[in-house]
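Here the structure comes first, spelled out in structure tokens, and everything after it is commentary.
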């Protein structure tokens, strides 16, 4: 493999590193970030934008799903459409979950998020086409975006965040999530484009999506085990 292809592989699938290092890069709000949220009140726009961006960039499950969605998109118009559908979906449920007080079981939601990762990889591998099943990917991305938003919301619901400035802070957090998403997407698309330019893309595609598929099933199994044992 050429040096460009190796670099592209690393850039495109950096999310896999987050998954394999899950203990260090889990997408919960913990440590100093949690302490900050618990010990401060009132509108804190920039800190919450930073926390939202950090949460998305270190959210390996979200990144794996986005990598799968972007894998075979070539036109900027298509990228914009799918990114918008995903962003609207997770923004709605993030805000409803935290500001509206809608609680869902975090293990079940995270298992569905794992399912979203497995679904997209399976679709990329042509699995649904071989089964004669036709799914509207646009609807699927939007619906799974709703569950990804609930996944974000459950992490914040675990914290007793002060009511003062809550609306402003959650809107800021959501803005940060979107900024983090664009940063991650930029790296993924850069890596994929470099890989395509190297001539190694289709040779690499099957193996990469098999790995993403396996990661999705690992996430599902891990979350269902957590649900069964708590």
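Listed values, structure above:
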quantity	calculated
Some residue of segment 177-191 being surrounded by 22 or more Cβ atoms within 10 Å (Cβ to Cβ), within 21 Å of the chain's Cα centre (by Cα) and closer than 21 Å to residue 103 by Cα	yes
Every residue from segment 205-219 that is surrounded by fewer than 19 Cβ atoms within 10 Å (Cβ to Cβ) and either touching a residue at least 40 places away in the same chain (Cβ under 8 Å) or more than 23 Å from residue 127 (Cα to Cα) (or both)	205, 206, 210, 211, 217, 218
Hey, residue 201 free of Cβ contacts under 8 Å to residues at least 40 places away in the same chain, surrounded by fewer than 20 Cβ atoms within 10 Å (Cβ to Cβ), over 24 Å from residue 88 (Cβ atoms) and touching a helix residue (DSSP H, G or I) at 6+ places or on another chain (Cβ under 7 Å) or not	yes
Subset of segment 58-74 [at pLDDT below 90 and over 19 Å from residue 112 (Cα atoms)]	74
Condition met for residue 49 (buried (at least 21 other Cβ atoms within 10 Å of the Cβ) and either at pLDDT 80 or above or outside any loop (DSSP other than H, G, I, E, B) (or both))	yes
Candidates 82, 119, 107, filtered to the one that is surrounded by 15 or more Cβ atoms within 10 Å (Cβ to Cβ), more than 12 Å from the chain's Cα centre (by Cα) and closer than 23 Å to residue 183 by Cβ	82
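The values are calculated or read from the model by the stated rules, or taken from the named source; none is laboratory data. Everything numeric here is computed off the predicted structure, so don't read it as measured data. Neighbour counts run over all protein chains shown; Cβ positions are idealised from the backbone, glycine included.
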